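Notes to accompany the following structure.
The values are calculated or read from the model by the stated rules, or taken from the named source; none is laboratory data. Owing to the predicted nature of the structure, the values given are computational and were not obtained by experimental measurement. Counting neighbours? That spans all protein chains shown, and the Cβs are built from the backbone with ideal geometry, glycine included. To get the accessible areas, we keep the full protein, side chains included, count just its heavy atoms, and leave off ligands, DNA and RNA. Shrake-Rupley method; radii C 1.70, N 1.55, O 1.52, S 1.80 Å.
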Amino acid sequence: MSDVFCLIANGDIPCAKVYEDDDVLAFLDLSQVTTGHTLVIPKKHCANILEADDETVERVFKVARNIGKALMKMGAKGVNILANANEAAGQTVFHFHVHVIPRTGNDENLVMAFKEHDTSSIDFKALANEINSNL
Ligand code: AMP
């Protein structure tokens, strides 16, 4: 499998590298939804977080957390750390990656809204149990 992030991990196409170790690479996202927006990927291909093994998830998120802390030291007031899985969730590059997005509290071009919808028909206990039984 060779997607754009495999090519970056192999050094076949350039990136603005933030961090690298044997398993993980972090580089600036071309889109820079806010300044400092960084992607963290495993060098070994896997399609998304749902396909990744525990160790890979652990390594990638540890680096993402550390980059979040670095961005806070640089003046961010907060940080979003997130992974999109599958097209329906907005994934466009099918190689597991974590976005680290520094926030200032005044990021006009980035709107993330968790809007409540009508929950009257939801049986919260049954739903929680159903999710639990699928773990
Ligand atoms: P997602 O929508 O979660 O799959 O995010 C994919 C991200 O990859 C987008 O934010 C793109 O801007 C970014 N991206 C795609 N190609 C490159 C590249 N060659 N270098 C850096 N970022 C990239």
- [ ] Looking only at segment 3-10, decide whether some residue is free of Cβ contacts under 8 Å to residues at least 24 places away in the same chain, within 30 Å of residue 105 (Cα to Cα) and surrounded by 12 or more Cβ atoms within 10 Å (Cβ to Cβ).
- [x] no
- [ ] Would you check if there is a residue in segment 91-111 being without any contact (Cβ under 8 Å) to a residue 40 or more places away in the chain and closer than 27 Å to residue 13 by Cβ?
- [x] yes
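Whether any residue in segment 119-126 is in a helix (DSSP H, G or I) and open to solvent by 80 Å² or more (accessible area, probe 1.4 Å) is what I want to check.
There is at least one residue in segment 119-126 that is in a helix (DSSP H, G or I) and open to solvent by 80 Å² or more (accessible area, probe 1.4 Å).
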TODO: Restricting attention to segment 45-95, report how many residues are part of a helix (DSSP H, G or I), near the ligand (Cβ under 10 Å from one of its atoms) and either in contact with a strand residue (DSSP E or B) (Cβ under 8 Å, 6 or more places away or on another chain) or not aliphatic (A, V, I, L, M) (or both).
DONE: 1
